[in-house]
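Beneath this line is the structure, given in structure tokens, with notes to follow.
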Amino acid sequence: APFSRMLWKEYRALRMLWVGCAVGTLGLWLLMYVVTVMGSDSLQAPLELMHAFWSLALWLPAIYLLGCTVATFAGEKEERTADWLIHTAMPFASTFAAKVIWPILSAGMMQLLLFGAAALIRQYFLATSTSTPLPADDTIPELPVLATFALAEALVWGLLWSLQLSKPMPAAVLAAICIVVVNLATLNYRGAGVWEPYLAPWSAARTSVLVA
């Protein structure tokens, strides 16, 4: 079926990028561990390392998704294959779905992989040293919610500029600028109660969808 062939095409085009990002991040974590923990006697070293691990696990899948989405249609235009997409037997909605399903699924899988690895590393630190300060437990459940907002913004702005421009690099730059501007504009949005940590990123994600 044309839909499955299109989906397979996207998988083949992006699979090595996914593997490179995921494996590269795990390798970077290992290097950071060797340099930071094994090369330092400070009790704060594991804490600083875990903050770096969680930050990479939070933001790298969103950056990966942004790169995938800006190439979704702008890449086809740059390679002069956009006309082939237009003249396929599939309706635009099916073509659009086939182009975005794999980037979304692969970004989600990368998020789960990196969060899982970070959680295992944290458990290792807890098991090997009772005196090592680590990020508080109550901050960890916030991370998947923040990651979801980050992925939503990357998807929306990446697709928007990919549809508008004919080259992936300018689309990526403009999408990144939009994300930064929207988040800075909503940075001071605050509220009370259990949802307070999520109000600023929720406002940024909602604003991104509405503007796009």
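The values are calculated or read from the model by the stated rules, or taken from the named source; none is laboratory data. The shown structure was predicted, so the numbers you read here are calculated from the model rather than taken from an experiment. Note: ideal-geometry Cβ built from the backbone for every residue, glycine included; neighbour counts use all protein chains shown. Side chains included, ligands, DNA and RNA excluded: accessible areas come from the protein's heavy atoms. Shrake-Rupley method; radii C 1.70, N 1.55, O 1.52, S 1.80 Å.
Residue-level check: of (1) at pLDDT 85 or above; (2) open to solvent by less than 40 Å² (accessible area, probe 1.4 Å); (3) under 24 Å from P2 (Cα atoms), A82 misses just (1).
Residues of region 3-25 that are over 11 Å from M110 (Cβ atoms) and open to solvent by 50 Å² or more (accessible area, probe 1.4 Å): F3, S4, R5, L7, W8, K9, Y11, R12, A13, R15, M16. Please work out which residue is modelled with the lowest pLDDT, limiting yourself to region 111-139 and to residues that are under 14 Å from L58 (Cβ atoms) and either hydroxyl-bearing (S, T, Y) or loosely packed, with under 12 Cβ neighbours inside 10 Å (or both). The extreme case among them is T139. Examine region 93-110 for a residue that is under 22 Å from K9 (Cβ atoms), at pLDDT below 80 and either touching a strand residue (DSSP E or B) at 6+ places or on another chain (Cβ under 9 Å) or open to solvent by 70 Å² or more (accessible area, probe 1.4 Å) (or both), and state whether such a residue exists. Yes - at least one qualifying residue is present in region 93-110.
What do you reckon, is M90 open to solvent by 70 Å² or more (accessible area, probe 1.4 Å), among the aliphatic types (A, V, I, L, M) and either at pLDDT below 85 or touching a Pro at 6+ places or on another chain (Cβ under 9 Å) (or both)?
no
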